[in-house]
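Report on the following structure.
The values are calculated or read from the model by the stated rules, or taken from the named source; none is laboratory data. If you're wondering where the values come from, they're calculated on a predicted model, not measured in any experiment. Backbone-built Cβ (ideal geometry, glycine too); neighbour counts: all protein chains shown.
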Amino acid sequence: MKDLHEQATRWDRWAPHYDEDTRNQNPSAAAAVLSDLAGDGAALELGIGTGRVAFPLAEWGTPVFGLDVSQKMISRLEERQEQMPEERSPVQARIGDMARFELGTHYPLVYVIASAFFLLTKQEDQVSCFRSAAKHLTSQGRFVVEAAVPHTSGMASERQQMIVREMSEEHLEWSAFVHDPVRQIVRAQEVRVGPDGCRLLPNVMRYAYPAELDLMAQLAGLRLERRTADWEGSPFTATSTHHVSVYSHQPVGNDTSPPTRASA
């Protein structure tokens, strides 16, 4: 519960700035892929935030329900929902722990994107997330995880590093990172200095490599169906910085053949 409270506090601080920070990230390709996977059913998003991807997905006709630890993120999502046309599919959210949840319903699609899975800072919580997702999938449902590949994306490349994001005559933004390779933990701090003063936006993540995620899936009764390098379906290679992994239920019986890694 302590970790959950700390994450909620962090993302409450991020909430007023999140939409502006992600304004240049186009969610159209992700929404198209997710809509195809959901088919005629609804989708469950873990770590829904302000609805950056949920609303474009709803425009494809997919109702979206989401969980998030931050009440301020959900409040901003609800503000956006009020401004949307009534004929568009609904987006709804509630406070919840994406590691352990019981909603009493099944979805053809459960997804967690933008490395939000790594916000679970303990391996046992990440395994529990896979198990909770698996319990909420229909028999033909899919669990989709989009995340960074730690070393090739730079997430785990240095023990400590600092990156200047933006700089002007009156404005400076930089990010500081401390990496614990033993625990696979990265602690980050976004620092923003300007005419209005100094603002700190912290974050903590536990990264996991694709092979570790595949093992978590197996523990939850899921198997890797396909993995691509992006939402456009580019092949996943040794130099890919991100991955989109699609998991489905393991076949009934004793099939122990390895999962395929074909591109979408």
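Residues considered: Asp230, Asp214. Of these, the only one that is outside any loop (DSSP other than H, G, I, E, B) and either among the charged types (D, E, K, R) or modelled with pLDDT of 90 or more (or both) is Asp214.
Would you be able to say whether some residue in segment 83-90 is surrounded by 15 or more Cβ atoms within 10 Å (Cβ to Cβ), assigned by TED's automatic domain parsing to the domain that holds Pro56 and at pLDDT 95 or above?
Filtering segment 83-90 for residues surrounded by 15 or more Cβ atoms within 10 Å (Cβ to Cβ) gives 84, 89.
This time we only want the ones that are assigned by TED's automatic domain parsing to the domain that holds Pro56, so: 84, 89.
Keeping just the survivors that are at pLDDT 95 or above gives none.
Scanning segment 83-90 turns up no residue that is surrounded by 15 or more Cβ atoms within 10 Å (Cβ to Cβ), assigned by TED's automatic domain parsing to the domain that holds Pro56 and at pLDDT 95 or above.
So, in segment 115-148, of the ones that are crowded, with 21+ Cβ neighbours inside 10 Å and among the β-branched types (Val, Ile, Thr), which residue ends up farthest from the chain's Cα centre (by Cα)? By that ranking, first place goes to Val144. State yes or no: is Arg100 surrounded by fewer than 17 Cβ atoms within 10 Å (Cβ to Cβ), touching a Gly at 6+ places or on another chain (Cβ under 7 Å) and not small (Gly, Ala, Ser)? Criteria not met by Arg100.
With respect to Phe130, determine if the residue is touching a helix residue (DSSP H, G or I) at 6+ places or on another chain (Cβ under 9 Å) and either in a helix (DSSP H, G or I) or farther than 17 Å from Val244 by Cα (or both). Yes: the conditions hold for Phe130. Filtering segment 63-89 to residues that are among the polar types (S, T, N, Q) and either touching a residue at least 40 places away in the same chain (Cβ under 8 Å) or closer than 23 Å to Leu4 by Cα (or both) leaves Ser70, Gln71, Ser75.
When you go through Thr138, Thr62, Thr105 one by one, which is the residue that is out of contact with any strand residue (DSSP E or B) (no Cβ under 8 Å at 6 or more places or on another chain) and either closer than 24 Å to Ser248 by Cα or in a helix (DSSP H, G or I) (or both)?
After ruling out the rest, the residue left standing is Thr105.
The residues listed here are Asp40, Asp36, Asp19, Asp12; of these, the one that is assigned to a helix (DSSP H, G or I), within 21 Å of Val246 (Cα to Cα) and of a type in the set (Asp, Glu) is Asp36. In this entry, Val112 is excluded by the filter for residues that are of a type in the set (A, V, I, L, M), surrounded by 19 or more Cβ atoms within 10 Å (Cβ to Cβ), touching a residue at least 24 places away in the same chain (Cβ under 8 Å) and not assigned by TED's automatic domain parsing to the domain that holds Asp68.
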